Amino acid sequence: MSYTDEFNKHIQNKNYSLFLELWEEYCVNDQVNAEELIQILEEVKNSIFSEGFGKHVESIVPLWEAIEDKELAYYVLRLIFDIQTSNVPELANIACEELKERYGDHKHYNEKLRLVGLRNKQNFSCAISNFELLNHMEKGKFVFHTGGWGTGEIMEISLIREQLILEFDLVPGKKDLSFQNAFNNLIALENGHFLSRRFGTPDLLEKEAKENPLKVLKEMLGDLGKKTAAEIKDEFCFLVIPEEDWGKWWQNARAKLKKDPLVVTPKNIKEPFVLRDQALSHEDRVKQQLAQVKSTEETVSVIYSFLKNYPELLKKEEEKTFLLEKINELLESDLTDSLKLQLLFLKEDLLAKKFEQKAEILNLIKLLSSSNLTDFLEEIGIAALKKRVLLNIRESHEEWVGLFVDNVFKFSVSILADYAYKELSEQDQAKTLLEEKKQDLVENPTLYGDAFIWFFQKFICKNKEVLEAPGEKERFFLESFFVLLHYLETQDNRYAIKKMVQMVQKDRFLLIRSLIKGTSVEYLKELLLLASKCRSFGIHDLTILQSLAKVANPDLEDKTKEDDLENIIWTTKEGYEKIKSRIENIATVETVKNAEEIKEARSHGDLKENSEYKYALEKRSRLQEELKRLSKQITQARILAPEDISSDEVGVGMLVSVSSDENGLVNYTLLGPWEAEPDDNILSYLSRFAQAMKGLKKGDVFAYQGKDYTIQSFEPILFQSQ
């Protein structure tokens with residue numbers, strides 16, 4: 001274990017005595033690694049040991065003197081002074097000598113020595129850092145405020161008043177800061193620093209970011225440290241790149257970032273992008289990743305990705321030979337047919353015209369049949385290689401039409417279905433078979449969920465001719481659409497559910513408006529019934545569907561008796577006051593407390609690795625989101641009064657007695673979402689169970705989650721007049 005790891009271990013374990021023992025051992029070494037020493041001092045500077053350790057850090061000075069690199073030695077000395085609290089004259093003399101050598105001919109040199117405590121040599125903690133900050137303090141220069149004010153530009157400075165005036169991006173107006181306050185809170189930023197450019201020349205930064213996104217992203221990672229995709233968005237979206245352009249810009253920038261040899265790309269969205277100290281060539285990246293893989297599937301994925309992203313590798317014989325040897329080695333092992341075919345495809349890409357194993361590919365293709373094609377494709381993880389299998393089937397398999405017809409609606413990847421459907425559509429002998437398959441699809445949507453969604457989106461949602469003049473076939477598809485949506489809800493397939501709901505809601509329910517034009521009352525009733533079974537649709541969605549149905553056929557009977565107040569949030573006076581108090585508490589107490597937490601976390605320095613600072617920022621986001629949500633809801637709230645409660649049917653403000661075979665007789669109170677206490681049988685009137693019994697009368701039976709319930713009685717709950 002290295003010294004850095006050992007020091008970190010003691011810091012994490014908060015074992016100060018062992019930490020000091022290790023420090024004493026480290027200080028008596030004959031040689032010193034400057035980079036290692038810098039890491040150790042930076043870690044302890046940002047730890048809980050910093051204050052106590054300040055009396056012991058000076059013991060490293062003899063070892064510091066052995067550092068040959070002047071710049072590294074100066075950086076170490078600055079860290080020593082940032083930590084030290086002993087203020088012994090010998091340290092002051094060392095600092096004065098170093099500063100005189102570097103800045104002795106600068107204007108106001110002696111006055112700056114006085115300001116940082118090196119004139120009287122009594123208290124000179126952080127003297128070197130403070131001296132450099134003073135040197136940086138000039139009109140037009142930029143700084144970062146660790147207390148939450150953001151990036152600032154120096155407008156004026158006075159050595160006589162020991163004061164400077166600045167403008168910050170996160171607080172309005174100009175701010176006066178004493179030098180002492182500046183020493184405690186400001187970090188110098190060069191004019192080329194990302195934060196300086198974002199505050200000082202935002203238009204130029206935006207222009208450069210759009211012209212050369214990779215350059216600006218790398219500069220940001222270099223200046224601010226590693227960042228996740230979400231953190232990069234916080235730094236760029238709206239502040240550099242307009243919000244409406246963000247999606248397209250980030251998609252392009254991320255693709256370039258992933259290919260850059262200086263950037264470590266994360267494996268998932270929670271991990272950060274990291275800027276390397278030295279570039280790693282594409283060839284080395286391939287070898288590095290292949291050395292880490294644990295399966296043949298991973299090897300195929302790595303080689304395919306690099307051939308796709310870095311086609312220039314094919315021009316380098318040495319790298320091509322390395323990859324071919326790797327592939328040939330795997331081909332000699334015991335493999336499944338799907339893995340063997342993928343490796344042969346990759347080998348074909350590498351050798352091009354020199355590839356001599358085409359016969360092996362064709363033999364594997366001929367083994368495929370209608371019964372095993374789908375399973376075979378599922379074993380292949382790369383969509384492009386899946387399609388390549390279909391291309392080879394089309395070219396060489398005698399029964400390709402049968403294979404495509406039998407499997408076109410079984411493919412889980414849309415590009416496979418697209419290709420197979422296109423090829424079949426161009427064959428006269430396949431059209432009849434294809435129509436039969438489509439009929440099977442509409443009659444049994446739950447058997448081909450992915451294929452149904454693909455077909456519905458491609459040939460109905462995106463087909464202008466169909467939307468302008470729909471036929472009976474398309475309307476049957478719409479009914480099957482709602483059947484499938486209800487089925488997927490029981491399977492908890494969230495991705496597919498979200499996709500289907502978005503298809504319905506897109507362009508103000510354009511799909512529904514188009515397909516139900518001129519339909520019969522019976523069809524509309526059936527459609528509304530199917531839609532009402534879909535839990536993914538809220539009350540607002542169902543109300544819109546009902547309104548659209550009335551427009552499509554005015555003869556449709558209105559059975560729902562829904563009023564126009566569907567957006568109201570019903571509540572009791574107590575519930576209203578509770579939310580009002582919560583809003584006030586967030587705005588006046590928690591937000592202020594959080595601002596202090598952010599300031600405290602920033603005062604610890606090193607924002608790149610400051611977990612407390614990141615946690616405080618996340619907490620601020622949560623508070624802002626909750627405040628925004630509750631503020632919107634309280635404007636929709638209405639205190640429930642006796643006259644708002646109907647005595648004729650089950651609804652909000654009711655005490656309802658419900659019986660079932662499993663639970664017997666149970667009483668439920670239906671109130672607003674703010675009063676809901678499921679454990680006490682107090683339900684929100686917006687809950688699925690409450691909605692299932694809404695509008696029912698005594699003796700009515702309703703179904704919920706496959707169980708039958710009977711309304712035995714209900715009565716209004718009377719409130720005192722407000």
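The values are calculated or read from the model by the stated rules, or taken from the named source; none is laboratory data. None of the values given here were measured: they were computed from a predicted structure. Cβ atoms come from the backbone with ideal geometry, glycine included; neighbour counts cover every protein chain shown.
For Tyr26, state whether it is aromatic (Phe, Trp, Tyr), within 26 Å of Glu600 (Cβ to Cβ), within 44 Å of the chain's Cα centre (by Cα) and surrounded by fewer than 19 Cβ atoms within 10 Å (Cβ to Cβ). No; evaluated as a whole, the condition is false for this residue.
Matching residues to (1) touching a Lys or Arg at 6+ places or on another chain (Cβ under 7 Å); (2) under 28 Å from Glu600 (Cα atoms):
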position	(1), (2)
Lys174	no, yes
Pro213	yes, no
Glu231	no, yes
Ala253	no, no
Lys256	no, no
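Scanning segment 1-19 for residues that are farther than 12 Å from Ser47 by Cβ and more than 34 Å from the chain's Cα centre (by Cα) yields a total of 6.
When Gln12 is evaluated against the numbered criteria (1) among the polar types (S, T, N, Q); (2) touching a helix residue (DSSP H, G or I) at 6+ places or on another chain (Cβ under 6 Å); (3) assigned to a helix (DSSP H, G or I), which criterion, by number, is the only one it fails? The number of the failed condition is (2). Quick check on my filter: what residues within segment 451-462 are surrounded by 14 or more Cβ atoms within 10 Å (Cβ to Cβ) and either in contact (Cβ under 8 Å) with a residue 24 or more places away in the chain or outside any helix (DSSP H, G or I) (or both)? Scanning segment 451-462 gives Ala451, Phe452, Ile453, Trp454, Phe455, Phe456, Gln457, Lys458, Ile460, Cys461. Counting only strands (runs of 3 or more DSSP E) that fall entirely inside segment 568-677 and contain at least 2 residues that are surrounded by 19 or more Cβ atoms within 10 Å (Cβ to Cβ), the qualifying elements are 569-571, 654-660, 664-671. Figure legend. Inter-residue proximity from segment 616-633: first residues within 17 Å of Ala601 (Cα to Cα), second residues polar (S, T, N, Q) and part of a helix (DSSP H, G or I), beta-carbon distance below 6 Å, spacing 6+ or different chains. Indicated pairs: Lys619/Asn594; Arg620/Asn594.
The set of residues from segment 288-345 being surrounded by fewer than 16 Cβ atoms within 10 Å (Cβ to Cβ), under 20 Å from Glu356 (Cβ atoms) and among the charged types (D, E, K, R) comprises Glu317, Lys320, Glu325, Glu329, Glu332, Asp337.
Among all residues of segment 522-539, there is none that is modelled with pLDDT of 90 or more and in a loop (DSSP other than H, G, I, E, B). Taken together, the criteria exclude Phe183 from residues that are at pLDDT 95 or above, under 30 Å from Thr591 (Cβ atoms) and in contact with a Ser or Thr (Cβ under 7 Å, 6 or more places away or on another chain).
Taking the listed residues Leu257, Leu189, Leu195, the one that is farther than 28 Å from Cys126 by Cβ and touching a residue at least 24 places away in the same chain (Cβ under 8 Å) is Leu257, with no other qualifying.
Somewhere in segment 13-20, is a residue without any contact (Cβ under 8 Å) to a residue 12 or more places away in the chain and closer than 25 Å to Ala601 by Cα? The answer is yes; a qualifying residue exists. Would you confirm, using the coordinates I've provided, whether Lys174 is basic (Lys, Arg) and within 26 Å of Lys100 (Cα to Cα)? Taking the combined requirement at face value, the residue does not satisfy it. Say we look at segment 47-63 and pick out the residues that are within 10 Å of Thr85 (Cβ to Cβ) and not in a helix (DSSP H, G or I); which of these is nearest to the chain's Cα centre (by Cα)? Selected residue: Gly54.
Evaluated against (1) in contact (Cβ under 8 Å) with a residue 60 or more places away in the chain; (2) surrounded by 15 or more Cβ atoms within 10 Å (Cβ to Cβ), Phe702 falls short on exactly one condition, (1).
Take the residues in segment 388-399 that are in contact with a Leu (Cβ under 8 Å, 6 or more places away or on another chain) and closer than 17 Å to Leu343 by Cβ, then tell me which one is surrounded by the most Cβ atoms within 10 Å (Cβ to Cβ). By that ranking, first place goes to Val389. Among the residues of segment 268-280, is any within 30 Å of Glu348 (Cβ to Cβ) and not assigned by TED's automatic domain parsing to the domain that holds Val216? Within segment 268-280 (the criterion being within 30 Å of Glu348 (Cβ to Cβ) and not assigned by TED's automatic domain parsing to the domain that holds Val216), the answer is yes, since at least one residue qualifies. Summed over segment 54-95, residues that are of a type in the set (D, E, K, R) and crowded, with 21+ Cβ neighbours inside 10 Å total 1. Sort through Gly402, Gly381 and tell me the only one that's closer than 28 Å to Phe481 by Cα, surrounded by fewer than 16 Cβ atoms within 10 Å (Cβ to Cβ) and at pLDDT 90 or above. Testing whether each residue is closer than 28 Å to Phe481 by Cα, surrounded by fewer than 16 Cβ atoms within 10 Å (Cβ to Cβ) and at pLDDT 90 or above leaves just Gly402. Before we move on, is Lys175 buried (at least 16 other Cβ atoms within 10 Å of the Cβ), more than 29 Å from Leu77 (Cβ to Cβ) and either touching a residue at least 12 places away in the same chain (Cβ under 8 Å) or outside the structural domain of Ser603 (by TED's automatic domain parsing) (or both)? Yes, satisfied.
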